[in-house]
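Report on the structure given below.
Nothing in this text is a laboratory measurement; each read-out follows from the coordinates by a stated rule. Here the structure is a predicted model, which is why all the values come from computation and not from measurement.
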Amino acid sequence: MKNFNYHRPSDAGAASSLVAKSEEPRLLAGGMSLLPSMKLRLVAPTDIVDLGDIAALKGIKVEGKEVFIGAMTCHADVAANADVKRVLPALAELADGIGDPAVRYRGTIGGSIANADPAACYPSAVVALDATVETTKRKIPADQFFVGLFTTALEPGEVVTGVRFKAPDKAKYMKLRHPASGFAVVGVMIAKYGSTVRVAVTGAGPSVFRVPAMEKALSANFSAKALDGITLPHADLMTDIHFSAEYRANAVVVMAKRGVAAIA
Ligand SMILES: Cc1cc2nc3c(=O)[nH]c(=O)nc-3n(C[C@H](O)[C@H](O)[C@H](O)COP(=O)(O)OP(=O)(O)OC[C@H]3O[C@@H](n4cnc5c(N)ncnc54)[C@H](O)[C@@H]3O)c2cc1C
């Protein structure tokens, strides 16, 4: 690992300024993705801006159906929060299924979505639940936040401050879990708001994506049967040493049917 300057600001504005002034900066949240990338020399920051002392970025607020999760809130806190379990249980379940306890106590929602790993679980919740990502500069609608493989709409120096969700009538996250890492081979989040259904898929493609054919079928008839006959084109899906694109395409449909069956 190369030497770097270490900063620990006490507010998000100062963190943004430090990033703006540095040559090759990186924000540090839980370090669960950043530190391995540094150890593998995939990134070599000149400056690390640690968000760990910024109290305003931590915590969960639930008011009515609105759930706000501060960027530096770790997955274990989301999983254990009584209000999240009551209002948006699918999100608590998703957080509880991330990685292992060490990852859940260090990894944060802000770090997860900023990293935009194609196999991360939170992006599917952010998109299916039509959340808003709040940053030091603006509010970004979920459909505009994830741009591609490890790429988001965040600009240099822009710090995610939190994510605002509106609880649906029903939601379910189904994950085909990678047996070694716990990451999603395929993860499907289904959310029903009145007669509108949103379906977002992670793990299968280079970035999270919605499935309009499933959303249309489920909006007309919210049952697993409504997904009979729907297939997912696999040309743009990922093939790796573990699973083929065809396998992932089929797994998306299977996971979606199981998810709907669980809550319909
Ligand atoms: C063994 C293992 C298993 C895992 N399994 C899963 C899984 O099953 N599901 C899943 O979803 N994830 C999984 N993860 C990922 C993990 O949950 C973390 O969410 C993820 O590593 C990033 O979060 P972090 O807080 O550690 O961010 P960091 O590693 O600190 O940062 C990641 C990136 O985000 C940037 N960043 C961090 N915070 C902000 C912010 N507030 N604003 C702007 N940019 C920011 C950093 O600069 C960096 O580029 C796993 C990780 C490991 C190591």
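If you take the Cα centroid of the range 153-182 and the Cα centroid of the range 32-76, the two points sit 13 Å apart.
With only the Cα atoms considered, the range 64-190 has a convex hull volume of 95 Å³ per residue. In the chain, helices alone account for a calculated mean residue ellipticity at 222 nm of -9000 deg cm²/dmol, with every DSSP H run of four or more residues adding -39,500 (n - 2.57).
For the chain, the longest principal axis of the Cα atoms and the long axis of helix 12-21 meet at an angle of about 70 degrees. Note down the Stokes-Einstein diffusion coefficient of the chain in µm²/s, whole number, using a Kirkwood radius over alpha carbon pairs, 20 °C, and 1.002 mPa s. For the chosen part, D equals 114 µm²/s. Across the range 104-115, computed HN-Hα scalar couplings (Karplus, 6.51 cos²θ - 1.76 cosθ + 1.60, θ = phi - 60°) run 5, 8, 10, x, 10, 5, x, x, 5, 6, 5, 6 Hz from first to last residue, x flagging Gly and Pro. The H on the amide N of Asp47, modeled in the peptide plane, is under 5 Å from the matching H of Asn5, Glu24, Arg26, each at least 5 residues off or on a different chain. Here's the list of aspartates and glutamates a cross-link from Lys216 could span, going by alpha-carbon distance under 18 Å and ignoring same-chain residues fewer than 8 apart: Asp130, Asp143, Asp169, Asp228. With q set to 0.14, 0.15, 0.25 Å⁻¹, the log10 of I(q)/I(0) for the range 174-264, from the Debye formula over equal scatterers at the Cα positions, is -0.45, -0.51, -1.29. Taking amide hydrogens as placed 1.01 Å from N in the peptide plane, the amide H of Gly162 sits under 5 Å from those of Ala71, Glu134, each at least 5 positions away in sequence or on another chain. Against the main long axis of the alpha-carbon atoms of the chain, helix 245-263 sits at an angle near 80°.
Using all pairs of distinct alpha-carbon atoms, the Kirkwood hydrodynamic radius of the range 33-117 works out to 13.9 angstrom. For the residue pairs Lys2/Lys39; Lys61/Lys192; Lys172/Lys257; Lys166/Lys225, the alpha carbons lie more than 18 Å apart in Lys61/Lys192; Lys166/Lys225.
Largest first, the three principal axis extents of the alpha carbons in the range 5-50 are 29, 21, 12 Å in whole numbers.
Averaging Cα coordinates gives a centre for the range 204-257 and one for the range 86-140; these two points are 21 Å apart.
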